[in-house]
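The values are calculated or read from the model by the stated rules, or taken from the named source; none is laboratory data. The structure displayed is predicted, hence computed values, not measured ones. Ideal geometry is used to build each Cβ from the backbone, glycine not excepted, and the neighbour counts take in all protein chains shown.
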Amino acid sequence: MSAHVLAQAVVIGVITGAGYGLVALGLVLVHKSSGVFNFAQGEFGTVAVYTLYRVHDRIGVPLVPAMAVGLVASVAMALATERVVVRRLFDAPRVTLLVATAGVALLAISLELWLGEARLRFIQPALGRLDRFSLFGVQVSDQRILILGTLLVLAVLLGLFFSRTNLGLAILAVSQEPVATELMGISVRRLSSFIWGLAGLLAGVAGMLAAGDAKSFGPGFMTFDALIPGFTAAVLGGMNSLPGAFAGGVVVGVAQSLAVSSSAFKAIPGPGSVMVFVLLVVVLTVRPQGLLGKA
Amino acid sequence: MTRRSSRVAVARGAAVAVALLLAAACGQKSDVGPATSAAPAPAGQGAAGGGAAVANGPGGSAGGASDVSAGATPGPVASGASGETAPAGGSAASPAGGGSTSPVAGPGSAGPAHGPTGSAAGPAGSTAGSARPAGRSPASAGGGASPGSAAGAGGENGGPGATGPVPAPPSPAAGDRAGVTETKIRIGVHAPITGAAPFPQSAFDKGKDVYWKYLAEKGGIFGRNVEIVFRDDQFNPSRAVQVCREMVEQEHVFILMGAAGSEQITACARYADGMGVPYLSAGVNEDGLTGLSSYFATSQSYVQQTPVLVSYIVNKLHKTKIAIVLNNTPALNETQQSVTRLAQAAGLDIVRNSRIGKNASDSELLSEANALRTSGAEVVYLLTSPVNFIKLATNAQAQAYSPVYLGPGITNGLNIVAEAGCPAIGAAKFLSPFPQLDVIDKLDPDYQKSYEKYNGGRGDDIGLAEWGLSKVIGAMLQAAGKDLTRQSFVNALESGRDFTTNVYPVVSYSGNIRFGAKSSHLLEADCNSRTFKTIAEFTSGF
């Protein structure tokens, strides 16, 4: 592989991996605070996209207010999930919660199929310019720069939130010692609502940015297109590390891109997926806590 | 166990779950042939209706709109070796798809306007849900021996009709009238309403009965009306087998039809073959379907379409650098080999030859688009799902790269693809078993009239695809005669007669020809109107 092709693969990996990282960020947030693998994270985002589509494309509300409505919808869904499902299973094994969130995702997809029909919908990106600049011959669009920038900003802000604020520290305390935290006068349930609402907000942002980049979406869009790479990114980065989510997303994107671009993998059908598998196995074997996770 | 070690354990478990999900989503499937796992029908269900003699004299056209003409059997042209690939397995989580049963209202059982010549003796079929052959034993088929096998040599073809070894039949029983009553024929259809090739369910629902309602008004098929049982296969082969099993074993359909999706069609066809149920679909891969005695393609297979496309690249586009991109499924191996061989033989320079995942990620698609651009391909021969095609073209456009996309297929030439993919797909060209709406009034004026009559609006191209396929099936059912059994149906198909509809290509079969279509339509995207237009009708080369 020439240096030029390698550089192109890295650029592609970074700009596409940012999307995975954005999803991974929401997954890590919930896992970090409650130990739950949230399979419904993708659908929080899909609901935001459907709402945006309805409000902006159908009713004609301008883009920014419509995005705000979309975010409200995703946060509302996340809060409803927390209240109706998670809170009732608060003391259940984490595996039960994992399955419960998968159920929420499937229910949401069914509702999207029922209400929205199984067809592609078309949506324009917030920023339409495709050739903002070219890096090693790869054109980078404004929308992808927006995704990358959003991911960086959110990762830093969330990192600061958990390390520098009392609320962030309280959330970490709840995740490690809920009983002791409760005895200190901190409401575990209220914090849980806050975390899930924040996860819904992140999913909404990820969904709307990803749909704008893909220019189309359908039922289960975020679950089918982004949840699995997002989970992989989160596991690679370390399930409790917010910067790790960013790093994991980029690593997944770069690995897939390298595999597709390299002539060394020419004989392998679907080399991108194979590369991700190999990477996942290697990282979990050598460093089970992930690239940036703490042992 | 400490909380930390517990978390690591949970993380590992989740990683395994993610890996499994990833495998499912990326199409890394185990090769589990559904046919071999098909449960045999319970023994003891004897053939209903007695041993009705099969008699289906040619020329027995009834009051339908289709033409069934005798004769003109094409010379068999050898083709692909038979593979045993039967993809099945992986699936993405998805809600259960709804199925529907829709009786077609029509005038009772008025006899056909024209009596069939050389028709059947014996009573008309009585009740549904009767005999099913037990497993693969020819002896159990109740005497319904279909013609023996003829080994098909491998190799390319450009002509009509691919042959392959058709083994001694697990054939339909001679008296098997499952799904047939005196007034009704029940047919099972599966299609991807959800999954990687999502089509509007409302379009499917509106279109699936139009032809049968039209035919019912003309007396039906020897007084029988057709009832369609429809299931969503979710673009997933294991789900496809599941819904086909339901339709055969619970809904007792007479025959099965696959609307689209090579893996789903292959999986269901192999299941149907094990059950002795005739299975028809638009032409897809031949690998995995060659050798199935109950399978019939109603249009050209991908391999058969390859010479048409190569001749178009050479003689019409005058391009030399091509790239080949296919979905990563074993069912398309022979197609890749075929297009590679023919392109090389035609002097084309294959600058890239690649596969992409069935549910390829954003990163894979952008990388592929970039690799295509770097390769300098002027034409991209494409055989992927519509969603992958649209995303690939969109990513290529974002890299300021706009090759000519061209390929075989059933679904990439649908207007919904142009609606979603324009302007990125440019003037993409795809072969199709049915024409587009721009020429249908010329070819078959009854379609739009009937669609408006039964649905109250202009028909779309999904409805047209269903109309065309239904028309072919209708012609075949007419040819099978009044005494309709699965064996008489198969016999009618194997008789060598031409089935002409003016929508789908003329098709004919024989004992060893199951891919008997002779031409296709070539469609081109028109991004001004965001629709596909027909640029060549019933073409077999350029």
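Test each condition in (1) touching a Pro at 6+ places or on another chain (Cβ under 9 Å); (2) without any contact (Cβ under 8 Å) to a residue 60 or more places away in the chain; (3) within 30 Å of A:Ala173 (Cβ to Cβ) for A:Ala24 and report the one that comes out false.
A:Ala24 satisfies every listed condition except (2).
Is it the case that the range B:201-215 has a residue that's farther than 22 Å from B:Asn415 by Cα, out of contact with any strand residue (DSSP E or B) (no Cβ under 8 Å at 6 or more places or on another chain) and modelled with pLDDT under 90?
Looking through the range B:201-215, none of the residues is farther than 22 Å from B:Asn415 by Cα, out of contact with any strand residue (DSSP E or B) (no Cβ under 8 Å at 6 or more places or on another chain) and modelled with pLDDT under 90.
In the range A:176-224, how many are among the hydroxyl-bearing types (Ser, Thr, Tyr) and over 18 Å from A:Ala78 (Cα atoms)?
Result for the range A:176-224: 3.
Do you know which residues across the range B:319-377 are among the hydroxyl-bearing types (Ser, Thr, Tyr) and touching a residue at least 60 places away in the same chain (Cβ under 8 Å)?
Hits for the range B:319-377 are B:Thr329, B:Thr335, B:Ser338.
List pairs: first residue in the range B:404-420 and over 22 Å from A:Arg121 (Cα atoms), second residue assigned to a loop (DSSP other than H, G, I, E, B) and small (Gly, Ala, Ser) anywhere in the structure, Cβ distance under 8 angstrom, at least six positions apart or on different chains.
That search, which allows pairs on different chains as well, returns B:Val404/B:Gly426; B:Val404/B:Ala427; B:Val404/B:Ala428; B:Tyr405/B:Gly426; B:Tyr405/B:Ala428; B:Leu406/B:Ala428.
State all residues of the range A:224-249 that are surrounded by 24 or more Cβ atoms within 10 Å (Cβ to Cβ), over 20 Å from A:Ser34 (Cβ atoms) and within 11 Å of chain B (Cβ to nearest Cβ); if no residue qualifies, say none.
A:Asp225, A:Ala226, A:Ile228, A:Pro229, A:Thr232, A:Leu236, A:Gly249
Name the residue, out of A:Asp91, A:Asp57, that is among the acidic types (Asp, Glu) and under 28 Å from A:Ile15 (Cβ atoms).
From the options A:Asp91, A:Asp57, the qualifying one is A:Asp57.
Considering each residue of the range A:105-123, count those that are crowded, with 21+ Cβ neighbours inside 10 Å and either more than 7 Å from chain B (Cβ to nearest Cβ) or not in a helix (DSSP H, G or I) (or both), and give that number.
Of the residues in that region, 5 qualify.
Out of all the residues in the range A:61-70, is one or more modelled with pLDDT of 90 or more, of a type in the set (Gly, Ala, Ser), closer than 21 Å to A:Ala245 by Cβ and touching a Gly at 6+ places or on another chain (Cβ under 9 Å)?
no
Can you confirm whether the range A:91-101 contains a residue that is buried (at least 20 other Cβ atoms within 10 Å of the Cβ), in contact with a Pro (Cβ under 7 Å, 6 or more places away or on another chain), of a type outside the set (A, V, I, L, M, F, W, C) and more than 16 Å from A:Lys215 (Cα to Cα)?
Checked the range A:91-101: no residue is buried (at least 20 other Cβ atoms within 10 Å of the Cβ), in contact with a Pro (Cβ under 7 Å, 6 or more places away or on another chain), of a type outside the set (A, V, I, L, M, F, W, C) and more than 16 Å from A:Lys215 (Cα to Cα).
Could you grab me the full set of residues in the range A:27-40 that are part of a helix (DSSP H, G or I) and more than 11 Å from chain B (Cβ to nearest Cβ)?
A:Val28, A:Leu29, A:Val30, A:Ser33, A:Ser34
The conditions are (1) within 13 Å of the chain's Cα centre (by Cα); (2) more than 9 Å from chain B (Cβ to nearest Cβ); (3) among the hydroxyl-bearing types (Ser, Thr, Tyr), and A:Ser193 fails exactly one of them. Which is it?
(1)
Within the range A:149-168, take every residue that is without any contact (Cβ under 8 Å) to a residue 24 or more places away in the chain and surrounded by 14 or more Cβ atoms within 10 Å (Cβ to Cβ) and give me the one that is nearest to the other protein chains (Cβ to nearest Cβ).
A:Gly168
Just to check your reading of the model, which residue among A:Ala9, A:Ala18, A:Ala24 is of a type outside the set (Phe, Trp, Tyr), within 11 Å of A:Gly230 (Cα to Cα), within 11 Å of another protein chain (Cβ to nearest Cβ) and surrounded by 20 or more Cβ atoms within 10 Å (Cβ to Cβ)?
A:Ala18
Residue check: is B:Tyr302 under 21 Å from B:Leu431 (Cβ atoms), buried (at least 24 other Cβ atoms within 10 Å of the Cβ) and in contact (Cβ under 8 Å) with a residue 12 or more places away in the chain?
yes
Inspect all residues belonging to the range B:342-364 and state whether any of them is modelled with pLDDT of 90 or more, under 24 Å from A:Ser261 (Cα atoms), away from chain A (no Cβ under 12 Å) and assigned to a helix (DSSP H, G or I).
Yes: one or more hits.
Are any of the residues in the range A:279-289 more than 8 Å from every other protein chain (Cβ to nearest Cβ), of a type in the set (Lys, Arg), more than 14 Å from the chain's Cα centre (by Cα) and surrounded by fewer than 23 Cβ atoms within 10 Å (Cβ to Cβ)?
Yes, some residue in the range A:279-289 is more than 8 Å from every other protein chain (Cβ to nearest Cβ), of a type in the set (Lys, Arg), more than 14 Å from the chain's Cα centre (by Cα) and surrounded by fewer than 23 Cβ atoms within 10 Å (Cβ to Cβ).
Take A:Ala214 and decide whether it is without any contact (Cβ under 8 Å) to a residue 24 or more places away in the chain and buried (at least 20 other Cβ atoms within 10 Å of the Cβ).
Yes, satisfied.
Pull out all pairs, ordered by first then second residue, where Cβ-Cβ is under 8 Å, the residues are six or more apart or on different chains, the first lies in the range A:124-148 and is within 9 Å of chain B (Cβ to nearest Cβ) and exposed (fewer than 15 other Cβ atoms within 10 Å of the Cβ), and the second is part of a strand (DSSP E or B) and among the polar types (S, T, N, Q).
A:Asp131/A:Gln139
What residue, among those in the range A:73-91 that are touching a helix residue (DSSP H, G or I) at 6+ places or on another chain (Cβ under 8 Å) and without any contact (Cβ under 8 Å) to a residue 60 or more places away in the chain, is nearest to the other protein chains (Cβ to nearest Cβ)?
A:Leu89
Hey, does the range B:416-423 have a residue that's out of contact with any helix residue (DSSP H, G or I) (no Cβ under 6 Å at 6 or more places or on another chain), closer than 29 Å to B:Gly516 by Cα and at pLDDT below 90?
Looking through the range B:416-423, at least one residue is out of contact with any helix residue (DSSP H, G or I) (no Cβ under 6 Å at 6 or more places or on another chain), closer than 29 Å to B:Gly516 by Cα and at pLDDT below 90.
Which of the residues belonging to the range B:365-407 are within 12 Å of chain A (Cβ to nearest Cβ) and farther than 25 Å from A:Phe217 by Cβ?
B:Ala371, B:Arg373, B:Thr374, B:Ser375
Identify the residue in the range A:222-255 that is at pLDDT 85 or above and in contact with a Ser or Thr (Cβ under 6 Å, 6 or more places away or on another chain) and, among all such residues, is farthest from A:Ala102 (Cα to Cα).
The residue in question is A:Gly253.
Looking only at the range A:24-68, which residues are touching a strand residue (DSSP E or B) at 6+ places or on another chain (Cβ under 9 Å) and among the aromatic types (Phe, Trp, Tyr)?
Passing the criteria: A:Tyr50, A:Tyr53.
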